[in-house]
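**Q** Sending over a structure as structure tokens; questions will come in a sec.
The values are calculated or read from the model by the stated rules, or taken from the named source; none is laboratory data. Values in this document were obtained by computation on a predicted structure and should not be read as measured data. Every residue, glycine among them, receives a Cβ derived from its backbone with ideal geometry; neighbour counts consider all protein chains shown. Protein only, heavy atoms only, side chains kept; ligands, DNA and RNA dropped before computing areas. Shrake-Rupley method; radii C 1.70, N 1.55, O 1.52, S 1.80 Å.
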Amino acid sequence: MTDSPEQEYDPGDVAVIGMSLRAPGARTKEQFWDVLVHGRETVSFLAKEDIHVDETLIHNPSYVRACGVLDTYDRFDPSVFGISDRMAAAMTPENRLYLESAWESLEDGGYDPDRLTAEIGMYGANNPQTAALYSSPPDRASVGPEAIEASLAWSPDSMTSNALYYMGLTGEAVTVAAVCAGFHYAVHLACQSLLLGQSDMAIAGGAMVRLPHPRGHLWEENRILSKDGHCRPFDANGTGSALSSGVVTLLLKPLGRAVADRDHVYAVVRGSAVNNNGVSAMAYGLAQPERLSACIAAAMEVGGVSPDTVSMYEANGLGLPVTDELEVHAATMAFGKRTATASIGGVKGNVGHGGVVSGGFGTVKAALALYHRTLPATINLTEVNQDLDFPSTPFVPQIEGAAWEPEAGIRRAGITSLGGGGYNAHLVLEEPPAPAGRAAEEAGRPRLATLSAMDDDALARQRARLREWLEARPELRLDDVCFTLNLGRKVMGRRWAAVVRSREELIAALSDDARGPATSTAAAPRTDPGSFSRTDDGIVPSGQDAPALTDLAAAWVSGLQVDFDALHRDGAGRRVPLPAYPFQPRRFWRTDW
């Protein structure tokens, strides 16, 4: 990790400051990391009655009843975004999932959409087939408001513009179509926008819901879908992958700006590149080694990264020998002759093939591996395919999990994503820079912590989740937690506040049977609005002592607007990841128009 946090940051470096993920068997990125480090497979094997496809297909002897099930694919909480139930039912599942995920990424980065005046680029990939399978809106004779509203809710093209609109943001909105390389293309375009100064921050990602859901697949010899439902990257007995669904979004910002803004950084995008095989393809839809190699090399060159310093390679890894061989050959050409070795792995063994979001699964895996300095195992790899000839390549299969101790002294990862039709994409990530040193937290100083939600039930769940989060992470500083809560969360109608002097006091105040310094909207005390000084952004405390903060807390829970920037003007706090809003999803499924 970089030892000099006061360095001049490369203007081409982009920080990953927020992440959100939902995958088979994991509703959060933390659960996803737990799946990876414990080597679990989350592809489900379904009973016939659970599969929503044609009966004759299910009884076909080549039908494989395996699927990476996304258990929240048909559920959504429209109230947070001010969306009507009618509109929520019209929206495709990918539109809904992407919107909630984009919100979670922004919160994970410690930003409230209502307080952002920046230009936010919104980039996302989805599956155009999903909208058709969800059923097209009827052909109307007019294009009045109702028809336009239904069409925009349903259209795959408007996924990113819907996210900007319903989150109350402005900026670019680009929905990407690049088949299974869609996530990488979205990140690549987002980074370009940031580096050109067209956006101040960007959200990039992808959403995939395979309909009908859940479903299996029909196995065919030498095709990319597995004969038995298991994906075995680099294994001699691999027969392909299983279908899965999910959503991933990243919150991105130029690295120098992120450090100056006291953002939390998971990883740094050092380089990205995309290309297409075009007419050079050996067979349409298969990787073309020379073109893929050029793409991988270009991403490293753009970032000024030597192949010798990349010690993790997260492969596309379909688990089909012919495609694995083409990819390993291409990556070997890109990395060239080198003395250092790189771990090679593939996440599809865990969660299956997520289509446009599959590159997102690999990218979050790599980002968390950098952040935790750990290389997760590639599961289902029991007999390495000898035709890959790993001893003559720079790569060593990551058969078991291990601490990440790079020979080059810095941790870097390359992540490849391929799409049918010749799409190639590659990202190079680097570990985050070491944070600048700072004085120890001032012990015993009173601080204000705030939470808000749409209703009392959601507020209670927020308190419980935050308490569990803090209990599991003793390294978190109270000033960072309060800074993030006060400035990084949208202010809603039901509110809770506590004035505390330590983490232990905050944990105690968050408990259900709390007594003492906590106040809530449900029992808001009387306050005199005229007793506070004001700025254009709201009231400010009369001081930083406990009585002044207690008065401010009482005013805030009763509905007054507080200038939290003024409260945190000392610059002590930094943004840290905290639990995202506890959505209360209900089932929405349009059956007719």
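**Q** Any chance you could run the full-extension gain for D565 through M282? It's 0.36 nm times the residue separation minus the Cα-Cα distance, nm to one decimal.
**A** Length gained between D565 and M282: 96.1 nm.
**Q** Report the semi-axes of the equivalent ellipsoid for segment 142-253 in whole Å, largest first, where each axis is √(5λ) for an eigenvalue λ of the Cα gyration tensor. Present the calculation step by step, with values, prior to reporting the outcome.
**A** On the way: eigenvalues 226, 92, 21 Å².
Its equivalent ellipsoid spans semi-axes of 34, 21, 10 Å.
**Q** Using the beta-carbon distance between E442 and R534 and R0 = 22 Å, what value does 1/(1 + (r/R0)^6) give for FRET efficiency, to the nearest 0.05?
**A** With R0 = 22 Å, the Cβ-Cβ based efficiency is 0.20.
**Q** Principal axes first, then extents: for the Cα atoms of segment 549-593, list largest minus smallest coordinate on each axis, whole Å, largest first.
**A** Over segment 549-593, Cα extents along the principal axes are 55, 27, 17 Å.
**Q** Over 10 Å intervals from 0, what percent of Cα-Cα pairs in segment 98-140 sits in each interval?
**A** Answer for segment 98-140: a P(r) of 20, 38, 21, 20, 1 percent.
**Q** Moving to a separate point now. What ratio of Cα Rg to 2.2 N^0.38 Å holds for segment 181-302? Write out the running numbers ahead of the final one.
**A** On the way: Rg = 18.4 Å, N = 122, 2.2 N^0.38 = 13.7 Å.
The value comes to 1.34.
**Q** Also: If you average the sequence gap of Cα pairs under 8 Å that are 6 or more apart and divide by the length of segment 209-272, what percent do you get for the contact order?
**A** Reported relative contact order: 24 percent.
**Q** Another question, if that's okay. Using a 1.4 Å probe on the protein chains only, how many percent of the accessible area of segment 454-569 belongs to carbon and sulfur?
**A** In segment 454-569, the share of accessible area belonging to carbon and sulfur is 47 percent.
**Q** Continuing with the same structure: Using Cα-Cα distances under 8 Å and only pairs 6 or more residues apart, what relative contact order does segment 447-593 have, in percent? Please list the in-between numbers first.
**A** Working: 225 pairs, mean separation 44.9, N = 147.
It comes to 31 percent, rounded to a whole number.
**Q** Taking N as the number of residues in segment 309-451, what is its alpha-carbon radius of gyration divided by 2.2 N^0.38 Å? Write down the numbers at each step before the final one.
**A** Values: Rg = 18.3 Å, N = 143, 2.2 N^0.38 = 14.5 Å.
Normalised Cα radius of gyration, segment 309-451: 1.26.
**Q** Based only on Cα atoms, what mean projected area does the convex hull of segment 431-477 have, in nm²? Kindly include the intermediate steps, with their values, before the conclusion.
**A** Details: hull surface 21.7 nm².
Result: 5.4 nm².
**Q** With r defined as the distance between the Cβ atoms of N237 and E475 and R0 fixed at 41 Å, what FRET efficiency is calculated, to the nearest 0.05?
**A** The formula returns an efficiency of 0.45 here.
**Q** How far, in degrees from 0 to 90, does helix 358-372 lean away from the longest principal axis of the Cα atoms of the chain, to the nearest 10?
**A** Value to nearest ten degrees: 60.
**Q** Using only Cα atoms, what is the ratio of the radius of gyration of the chain to 2.2 N^0.38 Å?
**A** 0.99
**Q** Heavy atoms only, probe 1.4 Å: what % of the accessible area of segment 182-292 goes to carbon and sulfur, would you let me know?
**A** Working: 1950 of 3750 Å².
Reported share for carbon and sulfur atoms: 52 percent.
**Q** Another question, if that's okay. Between helix 456-472 and the chain, what is the angle of the helix's C-alpha long axis to the longest principal axis, kept within 0 to 90° and rounded to the nearest 10?
**A** 70 degrees
**Q** Largest first and to the nearest Å, give the Cα extent of segment 338-389 along each principal axis.
**A** That works out to 29, 24, 18 Å along the principal axes.
**Q** Of the accessible area of segment 1-148, with the probe set at 1.4 angstrom, what percent is carbon plus sulfur?
**A** 49 percent
**Q** May I pose another question? For segment 417-565, what is the largest minus smallest coordinate of the Cα atoms on each principal axis, given in angstrom and ordered from greatest to least?
**A** Principal-axis extents of segment 417-565 (Cα, largest first): 66, 37, 37 Å.
**Q** Can you tell me what share of the DSSP beta bridges in the chain is antiparallel? A percent to the nearest 5 is fine.
**A** Approximately 70 percent, going by the DSSP bridge assignments.
**Q** For segment 251-314, how big is Rg over Rh, using alpha carbon atoms and the Kirkwood form of Rh?
**A** 1.12
**Q** Based on the alpha-carbon gyration tensor of segment 4-99, what equivalent-ellipsoid semi-axes (square roots of 5 times the eigenvalues) come out, in whole Å, largest first?
**A** Largest first, segment 4-99 gives 36, 24, 12 Å.
**Q** A follow-up question, please. Using helices alone, what [θ] at 222 nm do you get for the chain, with -39,500 (n - 2.57) per DSSP H run of 4 or more residues, divided over all residues and rounded to the nearest 500?
**A** Computed mean residue ellipticity for the chain: -9000 deg cm²/dmol.
**Q** Now, a different point. With the other protein chains left in place, how much accessible area per residue, in square angstrom, belongs to segment 16-94 at a 1.4 angstrom probe?
**A** Counting only protein heavy atoms, the per-residue value for segment 16-94 is 41 Å².
**Q** Okay, moving on. Quick one: which residues, 5 or more positions from T239 or on another chain, have an amide H under 5 Å from its amide H? H modelled 1.01 Å from N in the peptide plane, none for Pro or chain starts.
**A** It is K227, R232, by chain and number.
**Q** Please give the peptides 119-128, 542-551 ranked by average Cβ packing (other Cβ atoms within 10 Å per residue), highest first, as a rough proxy for protection.
**A** The packing order, highest mean first, is 119-128, 542-551.
**Q** Ok, one more. Given the Cα-Cα distance of R115 and A434 and 0.36 nm per residue of separation, how much length would full extension add, in nm?
**A** 112.1 nm is the gain from fully extending R115 to A434.
**Q** Per-residue counts of other Cβ atoms within 10 Å, averaged by peptide: what ranking do you get for 355-366, 563-574, 468-479, 189-200, highest first?
**A** Output ranking for 355-366, 563-574, 468-479, 189-200: 355-366, 189-200, 563-574, 468-479.
**Q** What number, in percent, do you get for the relative contact order of segment 36-99 if the mean sequence gap of Cα pairs under 8 Å and at least 6 apart is divided by its residue count?
**A** RCO, segment 36-99: 28 percent.
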